[in-house]
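What follows is a set of notes on a single structure, which appears directly below.
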Amino acid sequence: MAPDAATEKGMDVGRNKVSVGAGDKEIVKFTVRSDGDHDKVVNGSNAETDSNSAGYTADATPPAAATGVLHGHTDKSGMVDQKYVGDAGPLARNGIPVGTVSSDGKRVGVHEVINGKLQFRMIRGTMTLYEQTHMQDNVNSQQELFYEPSK
């Protein structure tokens, strides 16, 4: 549930396709295999964006061959997602890593699961101390999405 090299590079190369700029709605797309050394970024279907008191959301149905989700956050969100399910939702539902792009397209991070442990790491750029603190809180609460039921 971590991006391989082609998916990770595709998220980085395709970051400007989902960077929101000054907009107030998230943008969501997906990575799929392509010829060459990186995945390409494509649209999903049934894309919807929304906002509420908890923050901004974007959702879409991934293509069958999706290798990852790539979405852009608004400037107000920075790199931090909503608490609880947040950006870890598609990873929990579909088992594919979730890339996050800052509004200016200069930073890219990814939610992934390594040995059963959810983590968020940066592919390009760095997070502010505020973002690091809040993202870690979110990741800690999102970890329960990946617990396996006891037998």
Residue match in the range 54-77 (condition: touching a helix residue (DSSP H, G or I) at 6+ places or on another chain (Cβ under 6 Å) and hydroxyl-bearing (Ser, Thr, Tyr)): yes
Only listed residue being within 24 Å of residue 144 (Cα to Cα) and in contact (Cβ under 8 Å) with a residue 12 or more places away in the chain, chosen from 47, 2: 2
Residue within the range 8-15 that is buried (at least 17 other Cβ atoms within 10 Å of the Cβ), in contact (Cβ under 8 Å) with a residue 24 or more places away in the chain and part of a strand (DSSP E or B) present: no
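If you take the residues in the range 50-79 that are of a type in the set (A, V, I, L, M) and within 15 Å of residue 123 (Cα to Cα), which one is farthest from the chain's Cα centre (by Cα)?
For the range 50-79, the residue satisfying everything is 79.
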Near pairs, Cβ below 9 angstrom, 6+ apart or cross-chain, from the range 124-148 (in contact (Cβ under 8 Å) with a residue 12 or more places away in the chain and on the phi > 0 side of the Ramachandran plot) to any residue that is surrounded by 14 or more Cβ atoms within 10 Å (Cβ to Cβ) and part of a strand (DSSP E or B): 125/108; 125/109
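We did not get these values from a lab; they are worked out from the coordinates using the rules stated. Fair warning: this is a prediction, and the values are worked out from it, not measured in the lab. Glycine gets a Cβ as well: all are built from the backbone with ideal geometry, and neighbour counts include every protein chain shown.
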